[in-house]
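Right, one structure below, let's go through it.
What follows is calculated from the coordinates using simple rules that are stated; it is not laboratory data. Computed from a predicted structure; not experimentally measured. FYI the Cβ positions are ideal-geometry reconstructions off the backbone, even for glycines, and counts take in every protein chain you see.
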Amino acid sequence: MKADPGAQRRLLDLQAVDTAIGQLDHRVKILPEHALLTERQTRRQALGQELVAADTALSDATAAQTKAETDLAPVRERLARDERTVDGGTLSDPKTLRSMIDEIAHLKTRISTLEDEELELMEAVETAQAERARVMADRTAIEDEMRALIAKRDAAVGDLQADLADRRSVRATLLAEIPGPLVDAYEKVRSRSGGVGAAALHGRQCSGCGLEANPSDYEKYLAAAADEVLRCEECDRILVRTEA
């Protein structure tokens, strides 16, 4: 392939821009905020599961407390009724009165037991409420962190994208200055050579692979016409002579 030496040297400018674009694309992908957001999202999902468990525990505790209150109400009513009967003095039969007094004592014991159970259930409800509040606070804190990280990530991506836009604009200008066949050859080599399609020849060394040409190959490079497009015998990249 033949190409003007100046156009060949412009390939190095194009390569520099493409390298910079690749580096910027990579920086967008490896921003630390990406990993931090993934970690926070995992934690948020775990807190979501904890919230479901906390809601269930609170619901169960509340239901148990409500049941205890429901169970206690008729016992209190019966005690009040029995006490009114005894206090009213309407019971003339000693045996019936004794039975009623024994029942009142039993009801008072029953009420005391139920009230103790109700107190324990009230404490369980308070504990469940506190646990739910903790989980909610933790999730809110995680979500606040995520919003801050998203804002920081978006700002960093915006800056990098602006830089990318500038580099791509420069690339478009360079492409207009380099013959199409030379660009096509460069792109083909770049696609299979880790993003580097053109390399400078510094003395006997290729800047693409870093290897020095053997004497025979180097003599061939020197003997080639100025407009001959050289290829590195080691890595097959387009080899650009930088000396005029």
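Results, tabulated for the structure shown:
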item: Cleavage-rule hits, trypsin sites (Lys or Arg not before Pro), the range 124-208, DSSP coil, Cβ neighbours within 10 Å at most 15; result: R204
item: Separation in nanometres of the label points that stand 7 Å from Cα toward Cβ, at D138 and H34; result: 2.9 nm
item: Cα-centred dipole magnitude for the range 23-135, charges only on beta-carbon of K, R (+1) and D, E (-1), debye, nearest 20; result: 440 debye
item: Distance (nanometres) between label positions extended 7 Å along Cα→Cβ at H26 and T90; result: 9.7 nm
item: Charged-residue dipole, Cβ positions (Lys, Arg, Asp, Glu), the chain about Cα centre, Debye nearest 20; result: 1020 debye
item: Stretch gain in nm, segment M1-E120, where the contour uses 0.36 nm per residue and the Cα spacing is subtracted; result: 33.8 nm
item: Calculated FRET value between A225 and D184, using beta carbons and R₀ = 22 Å, to 0.05; result: 0.60
item: Estimated distance in nm for a label pair at E234 and A63, the labels positioned 7 Å out from Cα along Cα-to-Cβ; result: 7.5 nm
item: Dipole of the range 62-147, positive direction: furthest Cα of L121, L79, V135, with charges on the beta-carbon; result: L79
item: Qualifying GluC sites (Glu not before Pro) for the range 139-244 [loop in DSSP, other Cβ within 10 Å: at most 13]; result: E243
